[in-house]
1. Just to verify a result, which residue in the stretch 40-69, among those that are in a strand (DSSP E or B) and either within 12 Å of residue 10 (Cα to Cα) or in contact with a helix residue (DSSP H, G or I) (Cβ under 8 Å, 6 or more places away or on another chain) (or both), is modelled with the lowest pLDDT?
2. Which residues, taken from the stretch 24-69, are surrounded by 12 or more Cβ atoms within 10 Å (Cβ to Cβ) and in contact (Cβ under 8 Å) with a residue 24 or more places away in the chain?
3. Take the conditions free of Cβ contacts under 8 Å to residues at least 40 places away in the same chain, exposed (fewer than 15 other Cβ atoms within 10 Å of the Cβ) and in a strand (DSSP E or B) and apply them to residue 2. Does it pass?
4. Quick one: would you say residue 34 is part of a strand (DSSP E or B), under 21 Å from residue 5 (Cα atoms) and either modelled with pLDDT of 95 or more or more than 12 Å from the chain's Cα centre (by Cα) (or both)?
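The values are calculated or read from the model by the stated rules, or taken from the named source; none is laboratory data. Everything numeric in this text was worked out from a predicted model, so none of it was measured. Methodologically, a virtual Cβ is constructed for each residue, glycine included, from the backbone with ideal geometry; neighbour enumeration extends over all protein chains shown.
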């Protein structure tokens, strides 16, 4: 698969929290580092997501916001 987004991180599905419409999917992209996305339940099923499966977090954004305390 080719994709234009430059920020793609390979990881392992660490946890899936199933909701009535959407699922919250957490990928571990490095030891102790996780990225979480909310996707539709239908998409999670079509992708065959389950804990331990390899997947990619693909981030496409026009803005990155940085904050400090």
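1. Of the residues in the stretch 40-69, the ones in a strand (DSSP E or B) are 40, 54-59.
Of the ones still in play, those that are also either within 12 Å of residue 10 (Cα to Cα) or in contact with a helix residue (DSSP H, G or I) (Cβ under 8 Å, 6 or more places away or on another chain) (or both) are 54-59.
Working: 54: 97, 55: 97, 56: 95, 57: 94, 58: 92, 59: 88.
Checked the stretch 40-69; the qualifying residue modelled with the lowest pLDDT is 59.
2. Residues satisfying the conditions are 25, 27, 29, 35, 44, 49, 53, 55, 56, 57, 58, 59.
3. On the way: free of Cβ contacts under 8 Å to residues at least 40 places away in the same chain: yes; exposed (fewer than 15 other Cβ atoms within 10 Å of the Cβ): yes; in a strand (DSSP E or B): no.
Judged against the criteria, residue 2 is not a match.
4. Numbers: part of a strand (DSSP E or B): yes; under 21 Å from residue 5 (Cα atoms): yes; either modelled with pLDDT of 95 or more or more than 12 Å from the chain's Cα centre (by Cα) (or both): yes.
When the stated conditions are applied, residue 34 passes them.
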